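Novice: Have a look at this one.
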Amino acid sequence: MFALVAASGDVLWHYTPAREAGFPPASVQRQPGVAIGDGKVYVPQVDGYLVALDQQTGNVIWKTAAIPWKQGGHLASAPLYYNGMIFQGTSGGDQGSISNVMGAYDAVNGRPLWVWGVVPAPGQPGGNTWSKTDTHYGGGAFWQTPAIDTKLNLMIFGTGNPVPWNSRGPGANLYTSSIVALNLYTGRLVWALLTHILLMTL
C-alpha cells in the first residue's frame, strides 16, 4: 500500500503486510481496494486480516482477523466506511474455505459489531435449504463492495456461488448467489433475492 503526494508523486509512506509463519504465496490472490474514513485507511489483506492505517503516517492503528487464512479464507473485496463503521465481506469459498460472512467493525478500534453468515446454521431462516454436511464449507464469497441506503438503513450486496460448483446436493442453498439486504446497524436479514424469488423476514 502506497500513499503518494498528489502534487509531486513522491512517496509519503508505504505499508507492507507482515505475514504469519506458514502463510502460502499469495501472488494469485485478488488484491482488493481500500476504504478511507476518520483519518484512517482500511486495508483488506489476502491473509484474512482487516488493517487500519493512519492516513498521514501509514502506521498500523489496529488489525483484526475477519476470516482465518488457515481455513482457506482471504479478503477479495474492498471494505466500505460509513458512520464510524467498516463493512467487510470475506472470501475463499472457491478454494474451499469456511463459509463466508459479512461483518461490521468499529472504525476506531476494529472491534466486531456484528457478523452475518451467508450460509445459515441449522434452525435459522434458510438453514433447511442446505444439507447438514455442507454448512461449514458452503461458499458465498464476496467479490464487490456493498452499497448503503442511508434512508432505509440498509446494506445491500451480492453473494457468490455455493461450492463445490458442480456437486452440490438438492436445495436452494440460501443465501449464496443472492442479492441480500441487511440492517446496517444490527446485521439482521431484511430481504434476499435468489433466482427471481423474493424472500422477506418480518
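Novice: Would you grab the residues whose amide H sits under 5 Å from the one on Leu154? Only those 5+ places off in sequence or on another chain, please, with H modelled 1.01 Å from N.
Specialist: Under 5 Å from the amide H of Leu154 lie the amide H atoms of Asp149, Leu184, each far enough along the sequence or on another chain.
Novice: Here's a follow-up. I'd like the accessible area for Arg188, computed on protein heavy atoms only with a 1.4 Å probe and all protein chains in place. Round to 10 Å², please.
Specialist: 120 Å²
Novice: What accessible area, in Å² to the nearest ten, does a 1.4 Å probe give for Thr186?
Specialist: Result for Thr186: roughly 80 Å² accessible.
Novice: Also, I was wondering about something else. Once phi is turned into θ = phi - 60°, what whole-Hz ³J(HN,Hα) does the Karplus curve with 6.51, -1.76 and 1.60 give for every residue of region 76-86, x standing for Gly and Pro?
Specialist: Here the 3J(HN,Hα) series is 10, 10, 6, x, 10, 9, 7, 6, x, 10, 10 Hz.
Novice: Report, in debye and to the nearest 20, how large the dipole of the chain comes out about its Cα centre when Lys and Arg carry +1 and Asp and Glu carry -1 on their Cβ.
Specialist: 340 debye
Novice: Leu174 accessible area, nearest 10 Å², 1.4 Å probe?
Specialist: It works out to around 20 Å².
Novice: Tell me, what % of the accessible area of the chain is carbon and sulfur with a 1.4 angstrom probe?
Specialist: Its accessible area is 58 percent carbon and sulfur atoms.
Novice: Computed FRET efficiency, Cβ-Cβ of Gln71 and Arg111, R0 22 Å: what is it to the nearest 0.05?
Specialist: Numbers: r = 22 Å, r/R0 = 0.99.
Efficiency for this residue pair is about 0.50.
Novice: If you count only protein heavy atoms with a 1.4 Å probe, what accessible area per residue comes out for the chain, rounded to a whole Å²? Write down the numbers at each step before the final one.
Specialist: Working: 10220 Å² over 202 residues.
Result: 51 Å² of accessible area for each residue.
The values are calculated or read from the model by the stated rules, or taken from the named source; none is laboratory data. These numbers come from a predicted model, not from an experiment. Virtual Cβ from ideal backbone geometry, glycine too; neighbours counted across all protein chains shown. Accessible surface is based on the protein model in full, side chains and every heavy atom, while ligands, DNA and RNA are left aside. Shrake-Rupley method; radii C 1.70, N 1.55, O 1.52, S 1.80 Å.
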